[in-house]
1. Based on what the data block shows, is residue 94 over 20 Å from residue 207 (Cα atoms) and either under 18 Å from the mean Cα position of the chain (by Cα) or at pLDDT below 95 (or both)?
2. Across the stretch 139-169, what is the number of residues that are surrounded by fewer than 23 Cβ atoms within 10 Å (Cβ to Cβ), closer than 19 Å to residue 191 by Cβ and touching a strand residue (DSSP E or B) at 6+ places or on another chain (Cβ under 8 Å)?
3. In the stretch 50-78, which residues are surrounded by fewer than 21 Cβ atoms within 10 Å (Cβ to Cβ), touching a residue at least 24 places away in the same chain (Cβ under 8 Å) and assigned to a loop (DSSP other than H, G, I, E, B)?
4. Restricting to the stretch 181-213, name every residue that is touching a residue at least 12 places away in the same chain (Cβ under 8 Å), farther than 13 Å from residue 48 by Cβ and surrounded by 14 or more Cβ atoms within 10 Å (Cβ to Cβ).
5. In the stretch 94-138, how many are of a type outside the set (Lys, Arg), surrounded by fewer than 18 Cβ atoms within 10 Å (Cβ to Cβ) and assigned to a helix (DSSP H, G or I)?
Amino acid sequence: MALDSSEFPVQAAPFEQPLTNFAGRLKHGQVKVIAIGSSTTAGEGGIAPYPQRLLADLRIKFPNVEIEVINRGVGGEDAPLELKRFDHDVFDLRPDLVIWQVGTNSVWQPAGPSFADTTKDIREGVDRLLDAKRIDVILMDLQYVPAVLTPTTRKKADAMVEAISQIAHEKGVNVFRRFALMKGWHDVAKIAFDRMVDPGDDTRLHASDWTTDKMTWQLTDAIFTAVNKAPHDT
């Protein structure tokens with residue numbers, strides 16, 4: 001079931017754009033989602049990753065539709081490497097919706113891609129997705145965890161979150177605002193990082209099973225609401 005608003009006073013921000021292509025394919029009884037990104041998408045530490053859970057959750061929301069969620073996550077990557085995989089891992093599969101989880105490794109990895117290269121390639125990637133004309137796009141921003149909240153990473157994390165939001169606004173695509181959602185859980189709902197972060201992860205970077213489960217429900221609800229905003233004649 002979805003999160004109880006009395007237990008969680010902070011909910012994910014709704015998407016600003018309708019998922020028009022996704023909604024249209026739902027009416028035909030078949031949709032395909034590609035999840036591309038890094039370790040959050042691929043899975044880490046034996047925790048079932050969000051794409052696997054998203055498939056189950058979407059099937060609950062849309063019980064009479066054939067739904068496919070394909071996981072194209074590769075741990076440690078960010079936009080420059082992920083963009084190189086777009087032809088094979090995205091376009092060749094002809095998805096109706098692409099969820100691109102991006103930005104974390106540029107902030108967290110000391111030798112990761114630069115901020116400039118990452119944001120440039122996010123822009124290029126979104127343009128390429130939109131040029132396909134039949135793909136809805138959701139960008140998923142950073143996780144709010146201790147590894148990206150250190151004195152050396154916090155300013156970069158805030159800047160990356162803002163950059164992703166600005167790109168999405170300019171291009172007219174959606175953002176799943178994971179950073180703000182998890183920050184609200186921690187600051188408002190008083191959920192401890194010990195619960196939000198994988199207890200087996202010494203880097204304090206990766207989300208726990210609990211967080212991954214709750215986050216996926218929020219994503220599913222946001223998708224469901226955006227589908228209902230789509231034009232009825234799609």
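1. Considered against the rule, which asks whether it is over 20 Å from residue 207 (Cα atoms) and either under 18 Å from the mean Cα position of the chain (by Cα) or at pLDDT below 95 (or both), residue 94 comes out as no.
2. So the count comes out to 1.
3. The answer is 62, 64, 65, 74, 75, 76.
4. 181, 182, 183, 184, 185, 186, 193, 196, 197, 201, 204, 205
5. Qualifying residue count, the stretch 94-138: 7.
The rows are residues; the columns are (1) part of a loop (DSSP other than H, G, I, E, B); (2) under 18 Å from residue 96 (Cβ atoms); (3) in contact with a His (Cβ under 6 Å, 6 or more places away or on another chain); (4) at pLDDT below 95.
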{"site": "205", "(1), (2), (3), (4)": "yes, no, no, no"}
{"site": "216", "(1), (2), (3), (4)": "no, no, no, no"}
{"site": "219", "(1), (2), (3), (4)": "no, yes, no, no"}
{"site": "222", "(1), (2), (3), (4)": "no, yes, no, no"}
{"site": "231", "(1), (2), (3), (4)": "yes, yes, no, yes"}
{"site": "234", "(1), (2), (3), (4)": "yes, yes, no, yes"}
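The values are calculated or read from the model by the stated rules, or taken from the named source; none is laboratory data. Predicted, not measured: the structure shown is a model, and the values here were computed from it. Cβ sites come from the backbone with ideal geometry, for glycine too, and all protein chains shown count toward neighbours.
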